[in-house]
Amino acid sequence: MDSPLTADSSALHMFFTDDVYLVNEPGKQSDKVMEPMPEQVTFKFLGKNKRNILILVNDAQHDVSDEAGRELLRKIVKSVNLSANDFALLNYAGYKGADFKQLMDFFSCRLIFAFGVTPSQLSVTDHPQNTIVTQGDVKMIFSAELRALDQDPAGKKALWGSLQNLGL
C-alpha cells in the first residue's frame, strides 16, 4: 500500500483551491518550533590574515580612510612589523551590526585593532581607548577613527605605548 503522504507541492492544489494564509495568533503555537538558521556573514576585506590579526576601520566615505588616515595606518602597521599578508583589514562601515562573535567566527583573530569602532558596536564590554584589553583569548585595542587619531597627539602617544607592549 502506498503512503498517503506526498512531498509533491502540486498535489496540494487538488485539495486547497483558495489561497492559504498563515496567521500568527497569540497563545497558539505549534508543537514543533523551527529555529531560524544563523545568517551566514561574509566579509570583503584586504590582506591575507596569515597571523589572524583583524584591523577594523570605520569610514563610510572611503574604502579605508582619507590619505592622512591611510598614512597613519601604514605607520602603525609598520611599527609592529606587520605586512598585508599578516592581517585582514575590514571597513566596518559596510558591516554595521556585525558583532565580536561574527567577526571571530569568520576571521579567527587573536588580535583586533579597532579604529573608530566601539566596544558596544561589537557587543563586548566597554574598554578605554588605546589600551590593550582581552576578550576571551583575543587581545583588542580600541582607538579613535584614523582621521581623528591623526589629529590627536595624546591619543597617538597612548596608542604607541600600547603597541610597544604587544610583543608582536
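Observations
- Reported count of residues in region 117-168, each being open to solvent by 20 Å² or more (accessible area, probe 1.4 Å) and on the phi > 0 side of the Ramachandran plot, is 3.
- Residue satisfying all of: in region 103-116; among the small types (Gly, Ala, Ser) and touching a Leu at 6+ places or on another chain (Cβ under 8 Å); surrounded by the most Cβ atoms within 10 Å (Cβ to Cβ) among these: ALA114
Residues checked against (1) open to solvent by 20 Å² or more (accessible area, probe 1.4 Å); (2) assigned to a strand (DSSP E or B):
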| position | (1), (2) |
| --- | --- |
| ILE76 | no, no |
| ASN85 | yes, no |
| ALA88 | no, yes |
| GLY94 | yes, no |
| GLY97 | yes, no |
| LYS101 | yes, no |
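- Of the listed requirements (1) among the hydroxyl-bearing types (Ser, Thr, Tyr); (2) in a loop (DSSP other than H, G, I, E, B); (3) out of contact with any helix residue (DSSP H, G or I) (no Cβ under 6 Å at 6 or more places or on another chain), SER65 misses just one: (3).
- Hits in region 118-136 (condition: under 18 Å from the mean Cα position of the chain (by Cα) and not in a strand (DSSP E or B)): THR118, PRO119, SER120, GLN121, LEU122, SER123, VAL124, THR125, ASP126, HIS127, GLY136
- Exactly one residue among SER120, SER162, SER108, SER79 is among the hydroxyl-bearing types (Ser, Thr, Tyr) and within 19 Å of PHE45 (Cα to Cα), and that residue is SER108.
The values are calculated or read from the model by the stated rules, or taken from the named source; none is laboratory data. None of the values given here were measured: they were computed from a predicted structure. All Cβ positions, glycine included, derive from the backbone under ideal geometry; neighbour counts span all protein chains shown. When the accessible area is computed, the model is the full protein with side chains, heavy atoms only, and any ligands, DNA or RNA have been set aside. Shrake-Rupley method; radii C 1.70, N 1.55, O 1.52, S 1.80 Å.
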